[in-house]
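Only one structure is covered here, and it is reproduced in the block below.
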Amino acid sequence: MSELHEPILRWYDDHARELPWRGPDASAWSVMVSEFMLQQTPVARVLPVHEIWLQRWPTPADLSAETTGEAVRAWGRLGYPRRALRLHAAATVIAERHDNQVPASYDALRALPGVGDYTAAAIATFAHGRRHVVLDTNVRRVFARTIEGAEFPSTAVTKAEREVALEVLPADVPTAATWSVAVMELGALVCTASNPRCGDCPVAELCAWRAAGHPAYDGPPRKVQTWAGTDRQCRGRLLAVLRDSDGPVHRSRLDAAWSPEDQRIRCLASLIEDRLVVAAGPETYALP
DNA sequence: GACTCGTGGTT
DNA sequence: TAACCAAGAGT
């Protein structure tokens, strides 16, 4: 029984945000959709899109019956639109092989497209109450600080890190689920990456990083995403043209959306390769 | 393990 | 303002 448990669980009881994918009325599918959307996208931007998706596609089979293009269009500007394709593909697997029920086992979830270690553990835990180590960027940062005394965790999840997380995971199954969401919430609201609110932290007195005097991060340089002029930006521009059009668009519309030309051609080809775009006819393109 | 893949709010 | 960063996954 870690001494972190009680203060963090009590803090969560008082400060948890009310989110639509939490609470007793949320379906496992609602949790699954939220986990896909929350991969690298902030809660505030997910909220309105998640509501539309659940209303439009209340079960995996409802989404599976749509074209992938409609999923990409409804994904809107959440970013990383390949997640929409993977969610659609996962919904199809669930509809066809899992009786339209989101699996409860980690292994079955992990086998779905777009579901990695984190998402499998999160769905098993938050949708089905299973007991798993849920290691996301928030949890990793909270443990790095409170337990290891470092400002930030290592770049990749280590075996030792996973073992520590398992050691502090409450043995009681339902408490383990609450614990995981509580630590995530603490990382999201208090133990933030920049400007942590240590004055509001329920475990400030126990925090190794604070006790050490908040030493600055001294690990390898954390990668900074470049953006301007990248293929990612170019792809985003091209896809936005298709997303904002009702039907197929002529190549000239895409030509106007980005230069230089060689990069535009390369990115359009990669979008087609990724099945985010299809050639709809001579010189015309559309969502799949 | 290093890279790639969107988007927009915050500082 | 440019940099940072947000419930990661796949290659």
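When the Karplus curve 6.51 cos²θ - 1.76 cosθ + 1.60 is applied with θ = phi - 60°, which whole-Hz ³J(HN,Hα) does each residue of the stretch A:72-79 get, with x for Gly and Pro?
In residue order, the calculated couplings are 5, 5, 6, 5, x, 10, 5, x Hz.
To the nearest 10 degrees, how steep is helix A:231-243 against the longest Cα principal axis of chain A, on a 0 to 90 scale?
Once rounded, the angle reads 60 degrees.
Taking amide H atoms as placed 1.01 Å from N in the peptide plane, list the residues 5 or more away in sequence, or in a different chain, whose amide H sits under 5 Å from that of A:N100.
A:A95
Just want to confirm a number: the relative contact order over chain A, from Cα pairs under 8 angstrom separated by 6+ residues, in percent.
About 18 percent, as a whole number.
Taking Cα atoms, how many degrees apart are the long axis of helix A:43-56 and the longest axis of chain A, rounded to 10 and kept between 0 and 90?
Orientation of helix A:43-56: about 60 degrees from the principal axis.
I need the Debye-formula profile for chain A: one equal scatterer per C-alpha, no solvent, reported as log10 I(q)/I(0) at q = 0.13, 0.16 1/Å, two decimals.
These q points yield log10 I(q)/I(0) values of -0.97, -1.25.
Amide H neighbours of A:T192 under 5 Å, counting only residues 5+ apart in sequence or on other chains, H built in-plane at 1.01 Å?
Here the answer is A:R197, since their amide H atoms fall under 5 Å of that of A:T192.
Enumerate by residue number the trypsin sites (Lys or Arg not before Pro) in the stretch A:142-224 meeting two conditions: DSSP loop (anything except H, G, I, E, B), and at most 16 other Cβ atoms within 10 Å of the site's Cβ.
A:R197, A:R222, A:K223
Taking only the alpha carbons of the stretch A:231-286, what extent do you get along each of the three principal axes, in Å, biggest first?
Sorted largest first, the three principal extents are 24, 22, 20 Å.
Please find the FRET efficiency linking A:R275 to A:N195, where r is the Cβ-Cβ separation and R0 is fixed at 30 Å, and quote it to the nearest 0.05.
It comes out at approximately 0.15.
Quick one: angle between helix A:5-15 and the longest Cα principal axis of chain A, in degrees between 0 and 90, rounded to 10, please.
The angle comes out near 50 degrees.
Among A:P60, A:P220, A:P103, determine the one that fluctuates most according to a GNM of chain A built with springs between C-alpha atoms less than 10 Å apart.
In the Gaussian network model the winner is A:P220.
What number, rounded to the nearest 500 deg cm²/dmol, is the helix-based mean residue ellipticity at 222 nm of chain A, given -39500 (n - 2.57) per DSSP H run of at least four residues and division by all its residues?
Helices in chain A give a 222 nm mean residue ellipticity of -15000 deg cm²/dmol.
Run the lone-cysteine check on chain A: no other Cys C-beta under 4.7 Å from the residue's C-beta.
A:C191, A:C198, A:C201, A:C207, each lacking another Cys Cβ under 4.7 Å.
Give the whole-number value, in cubic angstrom per residue, of the convex hull volume spanned by the C-alpha atoms of the stretch A:27-126.
83 Å³
Every number here is computed from the coordinates shown, using simple stated rules; none is lab data. The model shown is predicted, which means the values in this text are computed figures rather than measured ones. Cβ sites come from the backbone with ideal geometry, for glycine too, and all protein chains shown count toward neighbours.
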